[in-house]
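The values are calculated or read from the model by the stated rules, or taken from the named source; none is laboratory data. Everything numeric here is computed off the predicted structure, so don't read it as measured data. With ideal geometry, Cβ positions are generated from the backbone for all residues, glycine too; neighbour counts draw on all protein chains shown. Ligands, DNA and RNA are stripped out before the accessible areas are found, and what is left, the full protein with its side chains, is counted by its heavy atoms. Shrake-Rupley method; radii C 1.70, N 1.55, O 1.52, S 1.80 Å.
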Amino acid sequence: MRTTIRETELQTLFAEAQQNGESIFQHKGSELLICPPSQVGSGQHHLITLRDGIVLKIADGRFHQTTTIESHRGPDDPLVSKFCLSSRFQVQTPRVSGIPEDYTESAGHHYLFSLSDVIEFETFQGEDRFQVVAFEWSQDYVKSFISAADGLPQPLQTLADHQTLKRFHQPLGKMTPAMAQIIQQVLGCPYQGMVKKMYLESKALELLTLQLTAWSENQHQTKISQLLPDDLERIQQASHVLNQNLNAPPSLMGLARQVGLNDYKLKLGFRQMFGTTVFGYSQAKRLQYARQLLAAQDLSIPGVAQSVGYASPTSFTAAFKRRFGLSPKAYQMACRGKNPV
């Protein structure tokens, strides 16, 4: 069987369950535990206000039969980070501009969205356990981190201009192992009181950071598809130029002119083919060559630095240590079987 529960009907069901002695709402400071009416389903909905602007919602339960819940979202709907741990949800948002009318949210996937002024219908499969962890971020809270639109996904850029967040729903793919680990830390939080709030807020920020990173990478992959085979050949040519000029690498613009690309495609291509910037690629190759010189030849540290294009031995030493975890001198002595002083 299938049933649809309107928002007003749900409120009535809660009121009737309370009158019948069911413990529906349990308050504990800034935490609220909601148990659904027994005639509808079982489980718990846990709401924790971490601070003004962040609310953690943990839902774990099941409906007795396939149920569609109607919900009304307000004009200043928050930014929502949603992580689906089990089951799948069919969502309908009829006649709403900018949002698909019918979409699915699946177990193991995560989403970022804001659905201001939307009537939403979410369908839960009967007897299927659903588990969801979600963080709601007020628009003012998110704005407090933003100083400019640079690097922000397009739907969030209006916040940089202190405007209201536009309506959007962004699927971000499968949860990464790092996300799954943090979710388990949230569910198994060992603390209480103020420390619990601080801990959960730190985890919330970690998850939002990972989501925004995933979104940026997805956009990056979309842009990469704009590169033509000829562009990719020129990127490869650019890498050869850098490899042959380790001691005096050309500037970004000089390299772009040399291979016949604009700097945008050059930077984009290096991200695609090598997973780093042009400078990052050049520096990595220079330091790899420096390591070969230190291992194979009896050169001084300043001599090696000069051979790979570092005017200052100090800056060379710092870069080498950051990359390999020990100084050039220590590496050189280790290669010769000596203990570093």
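Among the residues of the range 1-48, what is the count of those that are in a strand (DSSP E or B), open to solvent by 60 Å² or more (accessible area, probe 1.4 Å) and either within 14 Å of residue 61 (Cβ to Cβ) or not polar (S, T, N, Q) (or both)? Please lay out each step first, then the result.
First, the residues of the range 1-48 that are in a strand (DSSP E or B): 2-5, 25-28, 31-34, 41-48.
Imposing the further condition that a residue be open to solvent by 60 Å² or more (accessible area, probe 1.4 Å) reduces the set to 2, 4, 25-28, 44-45.
Next, only the ones that are either within 14 Å of residue 61 (Cβ to Cβ) or not polar (S, T, N, Q) (or both) stay: 2, 25, 27-28, 44-45.
So the answer is 6.
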- prompt: Counting only residues that are at pLDDT 85 or above, of a type outside the set (A, V, I, L, M, F, W, C) and either part of a helix (DSSP H, G or I) or open to solvent by 80 Å² or more (accessible area, probe 1.4 Å) (or both), how many does the range 206-258 have?
  reply: 18
query: Of the conditions (1) of a type outside the set (Ser, Thr, Tyr); (2) part of a loop (DSSP other than H, G, I, E, B); (3) over 24 Å from the mean Cα position of the chain (by Cα); (4) surrounded by 14 or more Cβ atoms within 10 Å (Cβ to Cβ), residue 77 fails just one. Which one is it?
result: (3)
- line: Of the residues in the range 188-198, those that are in a helix (DSSP H, G or I) and either more than 19 Å from residue 137 (Cβ to Cβ) or open to solvent by 50 Å² or more (accessible area, probe 1.4 Å) (or both) come to 193, 194, 195, 197, 198
field: Residue match in the range 87-98 (condition: of a type in the set (Ser, Thr, Tyr), assigned to a strand (DSSP E or B) and touching a strand residue (DSSP E or B) at 6+ places or on another chain (Cβ under 6 Å))
entry: no
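For every residue, the table says whether it meets (1) open to solvent by 50 Å² or more (accessible area, probe 1.4 Å); (2) part of a helix (DSSP H, G or I); (3) among the hydrophobic types (A, V, I, L, M, F, W, C); (4) at pLDDT below 90.
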| residue | (1), (2), (3), (4) |
| --- | --- |
| 265 | yes, yes, no, yes |
| 273 | yes, yes, yes, yes |
| 280 | no, yes, no, yes |
| 291 | yes, yes, no, yes |
| 314 | yes, yes, no, no |
| 323 | yes, yes, no, yes |
| 332 | no, yes, no, yes |
